[in-house]
Amino acid sequence: NVPEDVADKLLLASWGLPKAVLEKYHSLGVVQMFEWQAECLMLGQVLEGKNLVYSAPTSAGKTLVAELLILKRVLETRKKALLILPFVSVAKEKKCYLQ
């Protein structure tokens with residue numbers, strides 16, 4: 001039972017992303033977020049560029065939160081972003097994925 005004000009925000013389409021981005025996520029099977037992911041994005045002024053520190057187990061979905069924040073900021077400000085990843089293999093994977 002997700003609160004109504006959060007339920008809409010679970011859908012990726014609710015975040016103002018371009019159609020091409022949504023289609024890419026949909027092709028990968030990502031149509032909506034977990035409640036905790038949407039809550040992260042709605043905290044304070046995170047969408048305006050303020051810092052966010054969050055913790056979750058491996059494979060819980062932390063990367064999606066970071067990707068959405070980066071995508072929204074890059075698209076809205078037309079500035080570049082720097083994504084730092086811990087391993088070369090992960091960096092190569094994300095490079096292909098984000099292109």
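The values are calculated or read from the model by the stated rules, or taken from the named source; none is laboratory data. Quantities reported herein were computed from a predicted structural model and do not represent experimental measurements. Neighbour counts run over all protein chains shown; Cβ positions are idealised from the backbone, glycine included. Please note that ligands, DNA and RNA were not included when accessible areas were found on the heavy atoms of the full protein model with its side chains. Shrake-Rupley method; radii C 1.70, N 1.55, O 1.52, S 1.80 Å.
Table for the structure above
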{"read-out": "Gain in span if fully extended, Phe34 to Leu98, counting 0.36 nm per residue against the direct Cα distance", "value": "21.0 nm"}
{"read-out": "Amide H partners (placed H, <5 Å) of Leu11, local residues excluded", "value": "Met33"}
{"read-out": "The stretch 2-96 - Debye-derived log10 I(q)/I(0), Cα point model, q = 0.20, 0.21 Å⁻¹", "value": "-1.19, -1.32"}
{"read-out": "Filtered chymotrypsin sites (Phe, Trp or Tyr not before Pro), the stretch 34-67: DSSP coil and at most 15 other beta carbons within 10 Å", "value": "Phe34, Tyr54"}
{"read-out": "In sequence order, calculated HN-Hα J values of the stretch 32-43 (Karplus, 6.51, -1.76, 1.60; Hz; x Gly/Pro)", "value": "9, 9, 6, 4, 5, 5, 5, 4, 4, 5, 8, 5"}
{"read-out": "With every protein chain in place, the chain: carbon and sulfur % of accessible area (1.4 Å)", "value": "57 percent"}
{"read-out": "Computed FRET value (nearest 0.05) for Leu82 with Glu4, which takes r as the C-beta separation and R₀ as 41 Å", "value": "0.65"}
{"read-out": "Members of Lys24/Lys94; Lys19/Lys92; Lys24/Lys50; Lys9/Lys95 lying beyond 22 Å, as alpha-carbon distances in this model show", "value": "Lys19/Lys92; Lys24/Lys50; Lys9/Lys95"}
{"read-out": "Two-site FRET efficiency, His26 against Lys50, from Cβ-Cβ distance with R₀ of 35 Å, rounded to 0.05", "value": "0.75"}
{"read-out": "Hull-based mean projected area of the stretch 57-99, where the convex hull spans the alpha carbons, in square nanometres", "value": "3.3 nm²"}
{"read-out": "Magnitude of the charge dipole, the chain, Cβ model with Lys/Arg +1 and Asp/Glu -1, debye to 20", "value": "680 debye"}
{"read-out": "Heavy-atom accessible area per residue - the stretch 2-96, 1.4 Å, Å²", "value": "71 Å²"}
